[in-house]
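The values are calculated or read from the model by the stated rules, or taken from the named source; none is laboratory data. Just so we're clear, the structure is a prediction, and the values are computed from it rather than from any experiment. Cβ: placed from backbone, ideal geometry, glycine included. Neighbour counts: every protein chain shown. Only protein heavy atoms, including side chains, enter the accessible area calculation; ligands, DNA and RNA are left aside. Shrake-Rupley method; radii C 1.70, N 1.55, O 1.52, S 1.80 Å.
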Amino acid sequence: NEHQRAGRMRVFGVSNWTPERIEAANAYARAKGLSGISAVSNNFSLARMVEPVWAGSLSASDPEFKAWLARTQMPLLAWSAQARGFFVRGNPADTADASLVNSWYSEDNFRRLERVRELAAKRGVLPTNVALAYVLHQPFPTFALVGPVTLAETRTTVPALQVALSPEELRWLNLES
């Protein structure tokens with residue numbers, strides 16, 4: 001708050017925090033007349049994070065966290081929004097990348113991948129575009145953090161901004177219908 005009053009920052013954001021921890025911090029800030037947390041940066045992707053990417057990493061993809069984000073309209077800076085390449089390289093027969101396997105390989109994620117590929121083929125876009133559009137079409141503010149390695153990867157990511165998804169398609173992609 002001292003830095004905020006000095007004009008060096010405007011808002012506070014946190015990474016890998018639970019809704020309960022954010023609410024406790026904001027209650028404390030309110031009680032003390034201070035500014036609270038304004039944004040959170042947790043993992044959020046169509047693919048469910050099976051095991052944490054690193055110790056202490058948290059996902060905001062479970063139904064309870066998503067409901068909290070929708071209720072509070074807390075902006076989410078979604079890291080690993082494309083599940084670290086799962087929607088490009090995910091293949092049950094390819095287990096060469098231990099991190100990808102450990103964090104993203106699961107039966108339900110491979111079903112999501114099948115649906116992403118199906119919808120991408122219908123729309124004439126890449127599966128990664130559909131997966132990223134899923135992140136961007138939530139009922140709360142999302143900012144997808146992506147990590148293209150090459151300029152070509154950047155070029156193939158941008159079309160996701162043009163993919164519109166209905167609430168029904170969001171539920172279908174996430175195996176909710």
- Task: Apply the Karplus parameterisation 6.51 cos²θ - 1.76 cosθ + 1.60, with θ equal to phi minus 60°, to every residue of segment 84-94 and state each ³J(HN,Hα) to the nearest whole Hz, in sequence, with x for glycine and proline.
- Result: 6, x, 4, 7, 10, 9, x, 7, x, 7, 10
- Query: Which shape class applies to segment 70-123: rounded if a/c is under 1.5, otherwise prolate when a/b exceeds b/c and oblate if not, where a ≥ b ≥ c are the square roots of the Cα gyration tensor eigenvalues?
  - Reply: oblate
- Message: Taking the Cα centroid of segment 60-88 and of segment 4-45, what is the distance between the two, rounded to the nearest whole Å?
- Response: 17
- With the dipole of the chain defined by +1 on each Lys or Arg Cβ and -1 on each Asp or Glu Cβ, the option from Leu100, Gly56, Ala78 whose Cα lies farthest towards the positive pole is Ala78
- What nm value, rounded to one decimal, do you get for the distance between Arg8 and Arg30 when each label is placed 7 Å out toward the C-beta? 2.9
- Item | Placed amide H near Leu77: partners under 5 Å, 5+ positions off or other chain | Val40, Ser41, Asn42, Phe143
- Query: Rolling a 1.4 angstrom probe over the protein heavy atoms, how many square angstrom per residue are accessible across the chain?
  - Reply: 54
- For the chain, what does -39500 (n - 2.57) per DSSP helix run (n ≥ 4), summed and divided by total residues, give at 222 nm, in deg cm²/dmol to the nearest 500? -12500 deg cm²/dmol
- Query: Using unit Cβ charges (K, R positive; D, E negative) and no other charged atoms, how large, in debye to the nearest 20, is the dipole of the chain about its Cα centre?
  - Reply: 620
- Message: Is the C-alpha gyration tensor of segment 106-165 telling us rounded, prolate or oblate? Criteria: a/c under 1.5 is rounded; beyond that, a/b larger than b/c is prolate, otherwise oblate.
- Response: rounded
- Anisotropy class of segment 37-177 from Cα gyration tensor, a/c 1.5 cut: rounded
- Can you tell me the relative contact order of segment 1-150? Whole percent, Cα pairs under 8 Å, sequence separation 6 or more. 25
- Query: For the chain, which whole-number percentage of the solvent-accessible area (1.4 Å probe, protein heavy atoms only) is attributable to carbon and sulfur atoms?
  - Reply: 56
- Item | Inter-site label distance for Glu153 and Ser177 at 7 Å from Cα along Cβ, in nm | 3.4
